[in-house]
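Below you'll find the structure, written out as structure tokens, and then a few comments.
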Amino acid sequence: MRCSRSLIYPVTLLTGLLIGGWLWPDIASAETMYVRAKTAQLRAGKTSLDKVTADLRYGDELEVLRKDGSWVEVKTGAGQRGWIFSNKISSTKPSASDSELASLGKSYRQKDASTVTASAGSRGLDKVSEGYAKQAGISKDVQDAVDRMAAYRISDQEVEEFLRKGRLGEYAQ
């Protein structure tokens, strides 16, 4: 049986694509994910205590390099590589309305934050919060309790132990 020349090119191309996918499966099956969390950090390793290599934004596109349990190694559009916990990403691209809502929230926070200095936070409730507390009838005792909670600091080791004992984050089963 004689093979037509017009079939040789498509068959060769198809064979090359199939072999390429078998030899280099990472290239053939690149998966795109999107940051779905309001705040997400790219880390150097697979624990919440590893060094943060980049702060990611809601909707950022990530290329999946590999998965290891609940952690995913990714590459950003800027070429940064690192690990992110899987519950912070989604295969679904955020809709335009999601990003508009996030932008609105960001612009609102920036307007409010501009009236508050960094030292005001260390002195207790800022002016906006004090005004709300007064209007809502929140007692001074409750305001003071909030100030004490806001001033409390927890070490990385305490956070790690809390996550491990509570089987939260990367320790969830």
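Given a Förster distance of 30 Å, report the FRET efficiency between Arg164 and Val128 from their Cβ-Cβ distance, rounded to the nearest 0.05. Mind showing how you got there, number by number?
Working: r = 37 Å, r/R0 = 1.23.
About 0.20, to the nearest 0.05.
Once the convex hull of the alpha carbons of segment 29-90 is built, what does its volume come to per residue, in cubic angstrom?
On the way: hull volume 4.4 nm³, N = 62.
Given the Cα convex hull of segment 29-90, per-residue volume reads 72 Å³.
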>> Taking amide H atoms as placed 1.01 Å from N in the peptide plane, list the residues 5 or more away in sequence, or in a different chain, whose amide H sits under 5 Å from that of Gly82.
In response: Val74
> So what's the net charge close to Asp156: Lys and Arg +1, Asp and Glu -1, counting the other residues with Cβ under 12 Å from its Cβ?
Replying inline: -2
> Among Val52, Val146, what is the fewest-to-most ranking by other Cβ atoms within 10 Å?
Replying inline: Val52, Val146
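If I take R0 = 25 Å and measure r between the Cβ atoms of Ala30 and Ser70 in this structure, what FRET efficiency does the formula 1/(1 + (r/R0)^6) give, to the nearest 0.05? The partial results should precede the final answer.
Working: r = 21 Å, r/R0 = 0.83.
The value I calculate is 0.75.
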> Taking 0.36 nm per residue of separation and subtracting the Cα-Cα distance, what length does fully extending Tyr152 through Ser95 add?
Replying inline: 16.8 nm
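Just so you know, all these numbers are worked out from the coordinates, no wet-lab data involved. The structure presented is a predicted model; accordingly, all values stated were derived computationally and were not measured. In this analysis, Cβ positions are derived from the backbone assuming ideal geometry, glycine residues included, and neighbour counts consider all displayed protein chains.
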